[in-house]
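Each remark here refers to the structure printed beneath this line.
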DNA sequence: GTTGAATATGAATTCAAA
DNA sequence: TTTGAATTCATATTCAAC
């Protein structure tokens, strides 16, 4: 089920430093969700997740919504160009 | 010169909706900076730029620093997982 | 230290299938 | 409507050259 998988994805990116969609697909499969990178790619878009470089230069998938349910999309807008 | 090119990149991503590094390289070349995608990739890392999906699903390069010189890296930290 | 060409890697999309 | 395999596309890196 897609909804459960989405919830699991949010959980996984909070718990682990997920660097690639393949890695996320692997974690999902370990958790019993049989999916491929193609599906993970779609899930990430639907969830509005972003891949950002951290201070160490590594890429990580992160959510734009905090644990407290606050939508951070306005903060993302803040760092967007004023166009 | 790299410094001038970096400044031009900041200007360009503020002025245009740059979707790919190839596109940015093209704009730079129009502006007289002869560079390839490989160099643009390095510049983007050095400048701390990020590629984000906007509300319409399109990808855009954005800066983490506002026009007013405020470093937004703490806001990025805010949307990062609490790890 | 900087760069480009070539390559490797990662991600989005297509297209068929269910 | 969702999915995976294959493909295309975008980006990071390697490696040589300067």
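Annotations
- Taking other C-beta atoms within 10 Å as the exposure proxy, B:13, B:18 rank B:13, B:18 from fewest upward.
- Partner chain coverage, peptide B:44-52 - average Cβ within 10 angstrom: 3
- Each copy carries a label point for residue B:20 at 7 Å from Cα along the beta-carbon vector; from one copy to the others these points are 2.2 nm apart, nearest first.
- Calculated FRET value between residue B:38 and residue A:29, using beta carbons and R₀ = 41 Å, to 0.05: 0.75
- Teacher prompt: residue A:32 distances to equivalent labels in other copies, 7 Å Cα→Cβ, nm: 6.4
The numbers here are math on the coordinates, done by the rules we state, and not lab data. Since the structure is predicted, the reported quantities are computational estimates derived from the model, not experimental observations. Because the Cβ atoms are built from the backbone with ideal geometry, glycine has one as well, and the counts that use them run over all protein chains shown.
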